[in-house]
Amino acid sequence: MKKVGILALQGDFEAHAKTLAKLGAEPVLVRSADGLEGLDGLVIPGGESTTMLKLLNAEKLLPPLAEFGRRRPIFGTCAGAILLASEVSHPPQESLGLLDIGVERNGYGRQLDSRVAHVTPEDDFEARTHSGDMEAVFIRAPIIRRVGAQARVLARYQGHPVLVEQGPHLAATFHPELTADERVHELFLSKL
């Protein structure tokens, strides 16, 4: 059984834990650098990226997370995708720089602009999972404005990348943990 950490400082980490457990992984809530020991991978959930960054710095977790990401897969959703990006705008903020993407915070608008939409996976994603559109929950979601040469787009919404991978890492600007579709979590688990 794969042990998957879920950063549990803020956000809906419980929903990720339930999905991962349903898929046969052992979820482990992580609140300190010691919690990263023995994990096969890590999920950084959504939340508010500025607040999450402050908590990470207060707990001195940013360097250990970056080091973990150099050795193990990380999956970031919404704020987690922002933290994985190499460049963050609107406003700029510190990040882990593990994915060569440029992200604009709150790119789809404010909280009341949040939405449930259907996104069409790219062929590469469909070949590795079962096919068909995915339900995607966008909550003050970031927009991926730039995708570097090493990163691959796996799904788009309104022409913008919303699911991207680079090596062992995966980032979604939406919340797959809030839907019944488990394909994104399955893909992440296949990287462990």
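Here are some notes:
- Gly109 meets the conditions (1) over 17 Å from the mean Cα position of the chain (by Cα); (2) of a type outside the set (A, V, I, L, M, F, W, C); (3) at pLDDT 95 or above in every case but one. The failed one is (3).
- Some residue of segment 65-79 being in a helix (DSSP H, G or I) and modelled with pLDDT under 95: yes
- Residues within segment 131-155 that are modelled with pLDDT of 95 or more, surrounded by fewer than 19 Cβ atoms within 10 Å (Cβ to Cβ) and assigned to a strand (DSSP E or B), tallied: 5
- If the condition is being over 15 Å from the mean Cα position of the chain (by Cα) and within 24 Å of Ser86 (Cα to Cα), then segment 120-146 contributes Pro121, Glu122, Asp124, Phe125, Arg145, Arg146.
- Taking the criterion of being surrounded by 13 or more Cβ atoms within 10 Å (Cβ to Cβ) and outside any helix (DSSP H, G or I), the residues of segment 49-64 that qualify are Glu59, Leu61.
- Cross-chain or 6+ apart pairs with Cβ under 7 Å, segment 3-21 first and in contact (Cβ under 8 Å) with a residue 24 or more places away in the chain and among the charged types (D, E, K, R), then buried (at least 24 other Cβ atoms within 10 Å of the Cβ) and part of a helix (DSSP H, G or I): Asp12/Glu177
The values are calculated or read from the model by the stated rules, or taken from the named source; none is laboratory data. In this text, all values refer to a predicted model and were calculated from it rather than measured experimentally. Using ideal geometry, Cβ is built from the backbone for each residue, glycine included, and neighbour counts are taken over all protein chains shown.
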